[in-house]
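Chemist: This structure is in structure tokens; I'll ask about it shortly.
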Amino acid sequence: MRRSLTRKLIESHLVAGKPVLGEEVGLTVDQVLLTDTNGTLPWLQFEAMGFTRVVPPRVVTYIDHNVYQVDSRNSDDHRYLQTAARKYGSVFSKPGNGICHQVHMETFSIPGQTLLGTDSHTPLCGAAGMLAIGAGGLDVAVALGGGPYSFTMPAVVRVWLTGQLRPWVTAKDVILELLRRLSVRGGSGKIFEYAGPGLPSLLAAQRMTIANMGAELTLTTSLFPSDDVTHSFLTRLGRGDEWRPAAPDEDAEYDDQIELDLGAIGPLVALPGSPDRVVPIEEAAGTPVEQVMVGSCTNGSWHDMSSVTGVLRGRRVHSSVSFVLFPGSHRILETMAREGLLADLLAAGAIVSESTCGSCAGIGHVPAAGTRSLRAFNRNFPGRSGVKGDEVYLCSSLVAAASALTGVITDPRTLGAPPDVKLPPRFVPSEAGLVAPDGGGDVVRGPNIKPVPLGEPVANTLDAPVLLKLGDKVSTDDISPAGAAVLVFRSNVPAIAEHCFKYVDPEFVARAKASGRGIIVGGEIYGQGSSREAAAVGPMHLGIRAVIVKSFARIHRANLINWGVVPLTFDDPAAYDAIERDDRLHLPDLRAALVAGTRVEVVNRRTGTAFTTSCLLTPREREILLAGGILAHTKGGRA
Ligand code: MIC
Ligand code: SF4
């Protein structure tokens, strides 16, 4: 069989299972990345499992999400992360050194290797021919200890690119076009492998944008070959010797194919609420915006910063607009300073922030209530910007720059000639923000770090009320919101649990506490978005023992299993319609059905009717779930 690049990388890292669609595979992990928000729990879990030294050859811990130290709780976490990284063998990336995915791509990406990350946008490094996958914290903790990463073999889809992008059209428009066509569910259970005659025209930075934001399609990951473009990217960073080719066989076999003519795409905008509410710019043009931003792991590249500067040079940000840029890495920011871009941006009235996730995760620059924000970012789930009822539009950095000048969403093609984006011959080798581990020191745990909880073994019978009935596309931002006030509690489960569903239903926590046990009911693609474990462990802490939905997003489903919460899907979606909040559901043989691998019967005590649900588990998942999650499983001596 002629092999896709995906299959080659899976086969060269395979330690368990067969790469057959729908079957579980276990892969060795060459590199691991952790972040401040989602990295504290995995390090605590790594310790709780009794490991003393990381096994993968390259582990990097980044402080990038939450770097505004408004009080010491957050600094406590960072101190813990820095001392744990030093002791257990992880490189430490200091606050301000940049967003994990951008820095990782620049500094550590190696074509042909595997990368597992605690963050859902880890696939960005797929732009360098890496198999880069985002996972929940417990899966990452196991990988840190040398365990394989297990997941269900996805369908491998070839995305066949033809043509070339037209002026003012960007890689962001490519991924928005895919979201427009396929929706946020469209990539579930799939890997997109990019190929075709249009590929050589896409720079590494453009491939990064596309691979990164494939997360919004709920893809397992996205993969580009490693070719001359990759070589020149690494060479410019002084890493040409780490380049190696990686490509599919000619005429490789794929499960499916999508065709995309780059030349047929125009500038696009995603309307507030979901990254797939995509419309041509013409339909949004003229909408007033008070805040415009460019950055995040999707649009923080040199290419983005320099095209924005090209638009702003000699012009002025509109008087009613606050325009903020977040360069993706310290290296980019330093190069911007050396090459004169900073001076031009400041002269135009832009705010240049430190190199962090910043307001992408709702930290800083929270928009005023009732105003509109236009962002060259990747997510606009309700409330994510830090204020209930927010209206966040997503776009390319060029649309953002053009709109910052006018104060309304603006088609950049009205500006005439597009900016001439030049790549500097070399990037400054700024590594001042990286600290190598020396195995020394003591791990310091401040008062904000609380012990990691344990899940409970699945009970024989579950009888509990439906504490929430939700619709389709519930994101982990809905379940456990972003924002500075919440993110400080990522290492403090009892405290973060208090914020569960706070924008969706402020009474949820009180109801859960009063009932002791509960069930959540939802629609399609439940748990999309961030990989945050808090969205599983928070509800678990509040007594949620099962979630019944029409379909799950991959990482969240794995997180539920890893914390002992039973993820069930309706066999007949019509059963969903008959359920109301506060209905008492009775699952008489829950455990026995999970053990036997049969359907799980549910009786609605209010209506007296019964329906069935399914929980398709691999043997590994079954053992973990029944034990009450990975930690409970490990403590039971079955690691
Ligand atoms: C996000 O973009 O939602 C985040 C914040 O980066 C998360 C990680 C987190 O919740 O800490 C992600 O994408 O996984
Ligand atoms: Fe950070 Fe935003 Fe990227 Fe998440 S999506 S890693 S918050 S920049």
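Read the figures in this text as sums done on the coordinates, not as results from a lab. None of these values were measured; they are calculated from a predicted model. Neighbour counts are summed over all protein chains in view; Cβ atoms, including those assigned to glycine, are modelled from backbone coordinates with ideal geometry.
Chemist: Tell me which residues, restricted to region 521-535, are away from ligand 1 (no atom under 12 Å from the Cβ) and either of a type in the set (A, V, I, L, M) or in a loop (DSSP other than H, G, I, E, B) (or both).
Modeler: Hits for region 521-535 are 521, 522, 523, 524, 525.
Residue by residue, here is whether (1) under 22 Å from residue 212 (Cβ atoms); (2) charged (D, E, K, R) holds:
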position	(1), (2)
303	yes, no
313	no, yes
326	yes, no
331	yes, yes
345	no, no
358	yes, no
373	yes, no
394	yes, no
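Chemist: Using the structure shown, decide if residue 172 is closer than 23 Å to residue 105 by Cα and surrounded by fewer than 24 Cβ atoms within 10 Å (Cβ to Cβ).
Modeler: Working: closer than 23 Å to residue 105 by Cα: yes; surrounded by fewer than 24 Cβ atoms within 10 Å (Cβ to Cβ): no.
No.
Chemist: Would you pick out the residues in region 18-68 that are in a strand (DSSP E or B), β-branched (Val, Ile, Thr) and under 19 Å from residue 489 (Cα atoms)?
Modeler: If the condition is that a residue be in a strand (DSSP E or B), β-branched (Val, Ile, Thr) and under 19 Å from residue 489 (Cα atoms), then 35, 61 are the ones that fit.
Chemist: What number of residues in region 77-106 are hydroxyl-bearing (Ser, Thr, Tyr) and within 16 Å of ligand 2 (Cβ to nearest atom)?
Modeler: Narrowing region 77-106 to residues hydroxyl-bearing (Ser, Thr, Tyr): 80, 83, 88, 90, 93.
If we keep only those that are within 16 Å of ligand 2 (Cβ to nearest atom) too, we end up with 93.
Residues in region 77-106 being hydroxyl-bearing (Ser, Thr, Tyr) and within 16 Å of ligand 2 (Cβ to nearest atom): 1 in total.
Chemist: From 161, 138, grab the single residue that is in contact with a Gly (Cβ under 8 Å, 6 or more places away or on another chain) and either small (Gly, Ala, Ser) or more than 23 Å from residue 394 (Cβ to Cβ) (or both).
Modeler: Working: 161 fails: either small (Gly, Ala, Ser) or more than 23 Å from residue 394 (Cβ to Cβ) (or both).
Exactly one residue qualifies, and that residue is 138.
Chemist: Still on this structure, please answer the following. Any residue that is within 25 Å of the chain's Cα centre (by Cα), assigned to a loop (DSSP other than H, G, I, E, B) and within 16 Å of ligand 2 (Cβ to nearest atom) - is there at least one of those in region 451-471?
Modeler: No: zero hits.
Chemist: Please give the number of the condition residue 480 fails out of (1) free of Cβ contacts under 8 Å to residues at least 60 places away in the same chain; (2) buried (at least 18 other Cβ atoms within 10 Å of the Cβ); (3) within 29 Å of residue 287 (Cβ to Cβ); (4) not β-branched (Val, Ile, Thr).
Modeler: It fails just one condition, (3).
Chemist: Name every residue in region 580-619 that is of a type in the set (A, V, I, L, M, F, W, C), in a strand (DSSP E or B) and in contact (Cβ under 8 Å) with a residue 40 or more places away in the chain, in order of residue number. It would help to see each step written out before you state the result.
Modeler: Taking region 580-619 and keeping what is of a type in the set (A, V, I, L, M, F, W, C), we get 585, 587, 590, 592-596, 600, 602-603, 610-611, 615-617.
Subset that is in a strand (DSSP E or B): 585, 587, 600, 602-603, 610-611.
Of everything in region 580-619, those that are of a type in the set (A, V, I, L, M, F, W, C), in a strand (DSSP E or B) and in contact (Cβ under 8 Å) with a residue 40 or more places away in the chain turn out to be 585, 587, 602, 611.
Chemist: If you don't mind, another one. Kindly list the number of the only condition in (1) in contact (Cβ under 8 Å) with a residue 24 or more places away in the chain; (2) away from ligand 1 (no atom under 16 Å from the Cβ); (3) within 22 Å of residue 94 (Cα to Cα) that fails for residue 357.
Modeler: All conditions are met except number (2).
Chemist: Return yes when residue 110 is touching a helix residue (DSSP H, G or I) at 6+ places or on another chain (Cβ under 9 Å), within 14 Å of ligand 1 (Cβ to nearest atom), aliphatic (A, V, I, L, M) and at negative phi and no when it is not. First the steps, then the outcome.
Modeler: Working: touching a helix residue (DSSP H, G or I) at 6+ places or on another chain (Cβ under 9 Å): yes; within 14 Å of ligand 1 (Cβ to nearest atom): no; aliphatic (A, V, I, L, M): yes; at negative phi: yes.
No.
Chemist: Answer yes or no as to whether residue 54 is in contact with a Ser or Thr (Cβ under 7 Å, 6 or more places away or on another chain) and either away from ligand 2 (no atom under 16 Å from the Cβ) or under 23 Å from residue 121 (Cα atoms) (or both).
Modeler: Working: in contact with a Ser or Thr (Cβ under 7 Å, 6 or more places away or on another chain): yes; either away from ligand 2 (no atom under 16 Å from the Cβ) or under 23 Å from residue 121 (Cα atoms) (or both): yes.
Against the criterion (in contact with a Ser or Thr (Cβ under 7 Å, 6 or more places away or on another chain) and either away from ligand 2 (no atom under 16 Å from the Cβ) or under 23 Å from residue 121 (Cα atoms) (or both)), residue 54 qualifies.
Chemist: Pick from region 345-375 the residues that are over 22 Å from the mean Cα position of the chain (by Cα) and crowded, with 18+ Cβ neighbours inside 10 Å: which of them is nearest to residue 100 (Cα to Cα)?
Modeler: Of all residues in region 345-375, those over 22 Å from the mean Cα position of the chain (by Cα) come to 345-352, 367-372.
Okay, now just the ones that are also crowded, with 18+ Cβ neighbours inside 10 Å, so 345, 348, 350, 352, 367, 372.
Working: 345: 24, 348: 29, 350: 24, 352: 19, 367: 25, 372: 28 Å.
Restricting to residues being over 22 Å from the mean Cα position of the chain (by Cα) and crowded, with 18+ Cβ neighbours inside 10 Å, the top hit is 352.
Chemist: Taking region 249-288 as the search range and keeping residues that are under 14 Å from residue 375 (Cα atoms) and among the hydroxyl-bearing types (Ser, Thr, Tyr), which one is surrounded by the most Cβ atoms within 10 Å (Cβ to Cβ)?
Modeler: Within region 249-288, the match that is surrounded by the most Cβ atoms within 10 Å (Cβ to Cβ) is 274.
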